[in-house]
Amino acid sequence: MLVRTRVNGEWREADVWPGASLLSMLRDDLGLLGTKNACEQGECGSCSAWLDGEVVCSCLVLAAQAEGREVRTVEDLADGDRLHPVQQAFLDAGAVQCGFCTPGMVVAATDLLERDPDPSDEAVREALSGNLCRCTGYQKIVDAVRLAASRAGGGA
Ligand code: FES
Ligand code: FES
């Protein structure tokens, strides 16, 4: 079936099987490999992307459900070679180890900061609670979100 979706501001088409997930359409059909595939069960958050402005686990959404809708992926964040402030903060705070969870974490963190520019640590942990990281122990990720917030004029 043909699915037509606006992805990162551009209308894209993909010919997918009816059971295909949005995650597989993004990765396998549209070549957007920033959105990661780890569990395919809605458990890890590595496949996080925005659908009509709301963060979803793209492994749990059918590609067909994205027909005519707006999808935003981690690729939308950087401006050419210039990293998005949240991406830069992750690097600067040492919040990236193997990096597999990082795109999903960055999506979740960006979504939070777009809604709440000065979140408490609790709010940060709550916002990232659907994203699993096997490497960092999470503290540096929370530090990165706080760093991004402080650079944007939010919290310290
Ligand atoms: S791959 Fe979608 S939640 Fe893990
Ligand atoms: S940095 Fe390796 S899973 Fe998070």
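Within the range 17-35, the residues that satisfy the criterion of being of a type outside the set (Ser, Thr, Tyr) and within 15 Å of the chain's Cα centre (by Cα) are LEU22, LEU23, LEU26, ARG27, LEU32, LEU33, GLY34.
Scanning the range 6-36 for residues that are touching a residue at least 40 places away in the same chain (Cβ under 8 Å) and closer than 24 Å to GLN87 by Cβ gives ARG6, VAL7, ASN8, GLY9, LEU22, MET25, LEU26, LEU32, GLY34, THR35, LYS36. Scanning the range 121-152 for residues that are more than 16 Å from ligand 1 (Cβ to nearest atom) and without any contact (Cβ under 8 Å) to a residue 24 or more places away in the chain yields a count of 10. Let me confirm something: among GLU54, GLU70, GLU10, which residue is at pLDDT 95 or above, surrounded by 14 or more Cβ atoms within 10 Å (Cβ to Cβ) and not small (Gly, Ala, Ser)? Answer to the check: GLU70. Residue count for the range 119-137, restricted to those that are at pLDDT 95 or above and surrounded by 14 or more Cβ atoms within 10 Å (Cβ to Cβ): 11. CYS98 meets all of the listed conditions (1) within 12 Å of ligand 2 (Cβ to nearest atom); (2) crowded, with 21+ Cβ neighbours inside 10 Å but one, namely (2).
The values are calculated or read from the model by the stated rules, or taken from the named source; none is laboratory data. Source: prediction; values computed, not measured. Virtual Cβ from ideal backbone geometry, glycine too; neighbours counted across all protein chains shown.
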